Structure formats: structure tokens, C-alpha cells
Amino acid sequence: MPHSSENKSGVPALDVVLPTLRLLGPSGFIFAYNITFRGPEYYHSEYPKAWQMEYESRGYTYVDPVLIWNILNTGNKRWSEVRLPDLRGVLTRARAYGLVYGASFSRTTKGKKTILTLARADREFNDEEILFLAATVDELNAGFSKSYRIELTVAELQTLRCLRDGMTYAEAAAMLNVSVPTIKARLEKVRGKLGAKTATQAVAMAVQRKLL
């Protein structure tokens, strides 16, 4: 699953709002873009790592009432307003990690879900914050849709696959029957399209966006 939990996500649309999300969701937050049955195209979590480990190891994904609400609905909801059974006490366990109060924002675009959910330990999210975060997730959804609408040529994809498979520039050139300068030129174009600083980052971003 594409994942990032660094100080910056590497995606401009998200990096712009990270400080605000951290301020409003001091216990952590999750942003998942374009979720399908195979998972999200992009996933960024800043929940406590211990909680993430428990969540995954105990299979809470399939019984989490907040996640189920997000998948079944489009809109905004405080966790305390979700009227679904919590059969395995997921929300009770979350409180142990500081995820006491939460708010979720679910959007549907062409059958795919985009979800933002934040948590804090001290109080409920107020109405003003809910409205602000609702607008934020709409902007994020639009920003990601624009940044992910990238087309790479067949030659560029072939070059990226070679690097993904661990080949050097020379090996990629030999495999594709082109020169090393051609490989470098293709990668330069790909970096520009993806906004990547290095060829390695370009490969990672292409994998993350399921272009390869």
C-alpha cells in the first residue's frame, strides 16, 4: 500500500495542508486517495505507529465502524455520531493511543473513495473546524486528481520499469536497445512530469500512482 509518514508527503497538494492537519488532529490523521477494492492509490498516515501496528495485526479494517461509515457514505461525521456497532471495541482501543475524539470526511469520485479522518484527545471537533476540514478534503481531492492526471509514454514507462527492477542506466539502455543519454533524457522528462527530484523518486512515485 502506498504510504508516507515523513515530515513531508512528497505530494504538493498534501504538503500545503500538513501543518494545519497536524494542528487540528494532534493525535494523528489519515488521508487515503482513490480507494478501490485493491486499496488506495495514495495513503498517508500520522496515527501513532503502535496503533497502526495493532490495527493491522488484529484486522480492525473489517470491523472499524468509522471506516465502514466512510466506505458506505459520502459526507462529514464526528466519530461520536457514527451509529454502527463496534463489535470488537475498535474505538475503545483507539482511545488508549490518544484517539478519543475524531472526525471523518468521505468523498466519492467516479466510484472511488477519498477519505480524511483526524483524531484528538482533548475535545470534540467544533462546527467551524468541521466546515473547514470539509473544504480542505475537497481541495485535497481536487489537487490529487490534477496531480495524478499524468500520462507517460510507452518508452518512459519501459525505462522506469527497468530502474524499478534494479537495472543500471547502462543495463536499461542495453535492454531497450537505446543509448545511455537517451535513458537519461527519458528520465529527465519523467521527473518533470511527476515533480520528482531524482530518478529513484520518480520510480517510487510511478509505483505509488500505479503507473507501473
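What whole number of Å gives the distance from the Cα centroid of the stretch 147-208 to the Cα centroid of the stretch 31-79? Value for the Cα centre distance between the two parts: 32 Å. Here Lys184 is the anchor, and the aspartates and glutamates within straight C-alpha reach of less than 18 Å, apart from those fewer than 8 places off in the same chain, are Glu156, Asp165, Glu171. The lysines within cross-link reach of Lys77, meaning a Cα-to-Cα straight distance under 18 Å and a gap of 8 or more places when in the same chain, are Lys113. When only Cα pairs below 8 angstrom with a gap of at least 6 residues are kept, the chain shows a relative contact order of 19 percent.
For the chain, the equivalent ellipsoid derived from the Cα gyration tensor has semi-axes of 38, 17, 15 Å, listed largest first. The modelled label-to-label distance between Thr198 and Thr74, using points 7 Å beyond Cα along the C-beta direction, is 4.1 nm.
Once you have the Kirkwood Rh of the stretch 154-208 from its Cα pairs, apply Stokes-Einstein at 10 °C and 1.306 mPa s and quote D in µm²/s. Intermediate results must be reported in sequence, preceding the final value.
Numbers: Rh = 10.8 Å.
In µm²/s, the coefficient rounds to 148.
Partner aspartates and glutamates whose Cα lies under 12 Å from the Cα of Lys112, excluding those fewer than 8 positions away in the same chain, are identified as Glu41. The three principal axes of the C-alpha atoms in the stretch 106-179 carry coordinate ranges of 60, 29, 18 Å, sorted with the longest axis first.
Every number in this text was worked out from the coordinates using simple rules, so none of it is lab data. Only a predicted model underlies this, so the values are computations on that prediction, with no experimental measurement involved. Because the Cβ atoms are built from the backbone with ideal geometry, glycine has one as well, and the counts that use them run over all protein chains shown.
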